[in-house]
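First the structure, in the form of structure tokens, and then the observations on it.
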Amino acid sequence: MSTIHYSIAELAERFSLQFQGDGARLIDGVGTLAGAGPSQLSFLSNSKYAAQLSATRAGVVVLGKDALPNCPTASLVARDPYVAYAHIAALFERLPAAAPGVHPSAVVAAGARVSATASIGPCCVIEDGAVIEDGAVLGPHCIIGPECTVGAQSRLVARVTLVTRVTLGKRVLAHPGAVIGSDGFGLAFDRDHWVKLPQLGGVRIGDDCEIGANTTIDRGALDDTVLEEDVRLDNQIQIAHNVHIGAHTAMAGCAAVAGSAKIGRYCMIGGNAGVLGHLELADRVTITAKSLVTHSIREAGEYSSGVPLQENRHWRRNAARFKHLDEYARRLSALEKDKNDD
């Protein structure tokens, strides 16, 4: 049984929310509308789940004002219920505190600088010239290469590798398997073979960024690869060399950005979307899932590409016709020209 609990009135005051119902009721956790019990908090932010509200057993529901008439229990009224829920749910997250110090199995080079308040977990390797700042936490099997800095209060969960010339800002969260600062894919073709271009830049990641599991961020060929503050990357994302991602941009899983592309601020890139190299996206651009960006986007807005899902026999028929699309367009143009000449 959880020992963490807050009254509904306390939550309302703490997060500047209005409440209706029994303010003294104690809440000790969170749950879904369908699964929460009387001592738990739930939320409604997506109209797809509105039908579950009338039957919920939750002790309190975070919702918008328009959903109040259908709420059978206590409520916390928020302008954005999803954001309010995120703040409240963080109160119930139970992360064990990391003890300062260096685990006996860790290997720390003599030329590395590790704060006395940092926590270095089992089997970590910290190489010459690396810096681990105050309150940083390195979980098991992390590798911090030469000329790398882990900023204050940052957390590398496990098996995170900073290869070389990587700077993490404050409060960066890197999930297991992330590799930051690996070689960019720089090659020149010399008649009959490839010549590898040295990757002489680094990676700079701003404060409050999050790097998903098994995501890779290549270091720059000359200038640095840059993520500005509060960039959020999901799992299994590829960021190529010399990419620049503006502040507060979020990218969903399996997206990929090719070399030297520049992504603006407050952008959202859907899962499995791709951005070709050397392109620019303006601020506040949204790219929907599985889209391929093949040209620069100069204006804010939502953009999509690709063929929507359809029954296979229809798709096969349309795919066959697609090969003749240019022919059809030329024939139509000729017919229109003949008509105009008449």
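Here are the numbers:
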| quantity | calculated |
| --- | --- |
| Between the stretch 198-229 and the stretch 114-186, the Cα center-to-center distance that results, in Å | 13 |
| Residue list for the stretch 77-100, given a label point 7 angstrom along the Cα-to-Cβ vector of residue 9 and an amide N cut-off under 11 Å | none |
| Rounded to whole Hz, the Karplus (6.51, -1.76, 1.60) HN-Hα couplings of the stretch 266-278, x for glycine and proline | 6, 8, 10, 10, x, x, 6, 7, x, 10, 6, x, 6 |
| Computed label-point distance, nm, for sites residue 335 and residue 65 using a 7 Å Cα→Cβ extension | 5.6 |
| Relative contact order of the stretch 1-113, defined on C-alpha pairs under 8 angstrom at six or more residues apart (%) | 22 |
| Hydrodynamic radius by Kirkwood, which averages 1/r over all alpha carbon pairs of the chain, in angstrom | 23.6 |
| Tensor-based shape of the stretch 112-236 (alpha-carbon gyration tensor, a/c under 1.5 rounded, otherwise prolate or oblate) | prolate |
| Theoretical ellipticity at 222 nm over the chain - DSSP helices of four or more residues, -39500 (n - 2.57) apiece, nearest 500 | -4000 deg cm²/dmol |
| Using alpha carbons only: equivalent-ellipsoid semi-axes of the stretch 15-126, gyration tensor based, whole Å | 44, 13, 13 |
| From phi via Karplus (6.51, -1.76, 1.60), per-residue ³J(HN,Hα) for the stretch 332-341 in Hz, x at Gly/Pro | 5, 4, 5, 4, 5, 5, 4, 5, 5, 5 |
| Equivalent-ellipsoid semi-axes of the stretch 251-333, from the Cα gyration tensor, Å, largest first | 29, 16, 11 |
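None of the figures in this text is laboratory data; all of them are computed from the coordinates on show. Keep in mind it's a predicted model, so treat the numbers as computed, not measured. Glycine also receives a Cβ, built like all others from the backbone with ideal geometry; neighbour counts cover every protein chain displayed.
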